Amino acid sequence: MELIIDNLSKTYSNGVKALQNISLEIPTGMFGLLGPNGAGKSTLMRTIATLQEADNGSITLGGIDVLKQKDELRQVLGYLPQQFGLYPKISAEVLLNHFAVLKGITYKGERKDLVDALLHKTNLYEVRQQHLKGFSGGMKQRFGIAQALINNPKLLIVDEPTAGLDPVERNRFYNVLSELGEHTVVILSTHIVDDVKELCTNMAIINQGKVCLKGNPLQILENLKDKVYKKTIHKQELKTYKQNYKVISEKLFLGKPTIHIVSEVNPGDGFSLTNAALEDVYFSEIFNNANLKFN
């Protein structure tokens, strides 16, 4: 099973070009879609999920024309949007059972087996009778995955699933998603680089509605091998360094900024070569997209 997106474009009525000729081939497995807020990720996810129309282009999943055969796509789609509401005074078990009814699973015994299996898969079985208002952020996200899996989807879309989660809940969520990616096309849309680094064998970076980069994360890292340098500087020097170098990231270390730059040659000036990380790839591509002279 493969999801193929070809020359997809969307311009809103206010003139914002949310998607500009997006083309991607997404195979079975975990696919990471990275980009800053406002890059067009959510627009792309909603379009794939048949929640809004594209201006032009095409999307196919196997033999399904997604933009024309919306009902067929919805039968094999699981979707966890960035924000979703839950009934706070209903238990996880009852609400999941209700969603199963809405999905057309009317036989009680079959429905119970399915609900129990999903609660086990998402590590929620022990709290299945607890009201959802008492769930932590990570538990709510795992419940969101459970409801998205009711129809055993061939395509699963999760939009910013780990934003706001603590490290423990994030790791639990990683485990759930990685298991699902073995047999399903899973698109993970996020601005958190660690999400993609931990989970995905294929990825794309999108910014200003365009695909900046796509491929295997490890292979992509090779493009920055021996090109990333770091240096710890004083705060008041940061502006000068940004004027003189291609600064792609800055972090505080012991109260002082440590900057990473991209350079084809050793810049000297106290910089030291450092191993490129996926975060460096991300920031360099965002920098590239915003600064046309960068190469």
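Please report the antiparallel percentage of the DSSP beta bridges confined to the chain, to the nearest 5.
On the way: 33 of 52 bridges.
Among the beta bridges of the chain, antiparallel pairing accounts for roughly 65 percent.
Projecting the Cα atoms of 131, 3, 263 onto the charge dipole of the chain, computed from C-beta unit charges around the Cα centre, puts 131 farthest toward the positive end. Between the Cα long axis of helix 108-121 and the first principal axis of the chain there is an angle of about 20°, rounded to the nearest 10.
Other residues lying with their Cβ under 9 Å from the Cβ of residue 128 contribute a combined charge of -3, Lys and Arg counting +1, Asp and Glu -1. Annotation: per residue accessible area for the chain equals 52 Å², rounded to a whole number [probe 1.4 Å, protein chains only]. Largest GNM mean-square fluctuation among 173, 84, 283, using the chain with Cα springs under 10 Å: 84. Computing Cα extents along the principal axes in Å directly from the structure and comparing it against (1) 61, 43, 40; (2) 71, 44, 35; (3) 57, 49, 30 singles out (2). Of all DSSP beta bridges confined to segment 1-66, the antiparallel ones make up roughly 100%.
Dipole size of the chain about its Cα centre, with +1 on Lys/Arg Cβ and -1 on Asp/Glu Cβ: approximately 760 debye, rounded to the nearest 20.
At a threshold of 8 angstrom on Cα-Cα distance, excluding pairs fewer than six apart, so keeping six or more, what relative contact order does segment 163-241 reach in percent? Don't skip to the end; give the middle numbers.
Details: 33 pairs, mean separation 13.0, N = 79.
Worked out over segment 163-241, it gives 16 percent.
Note down the net charge around residue 81, summing +1 for each Lys or Arg and -1 for each Asp or Glu among other residues with Cβ under 10 Å from its Cβ.
-1
Think of each Lys and Arg Cβ as +1 and each Asp and Glu Cβ as -1; about the Cα centre, that makes the dipole of segment 217-259 roughly 160 debye. Only lysine pairs 8 or more places apart, or on different chains, with alpha-carbon atoms under 15 angstrom apart are counted in segment 185-295, and they number 18.
Counting DSSP beta bridges in segment 110-226, what percent are antiparallel, to the nearest 5?
Numbers: 5 of 10 bridges.
Around 50 percent antiparallel, to the nearest 5.
The values are calculated or read from the model by the stated rules, or taken from the named source; none is laboratory data. Just so it is clear, the structure is predicted and the values come from calculations on it, not from any experiment. Note that we place each Cβ from the backbone using ideal geometry, even for glycine, and neighbour counts take in every protein chain shown. Please note that ligands, DNA and RNA were not included when accessible areas were found on the heavy atoms of the full protein model with its side chains. Shrake-Rupley method; radii C 1.70, N 1.55, O 1.52, S 1.80 Å.
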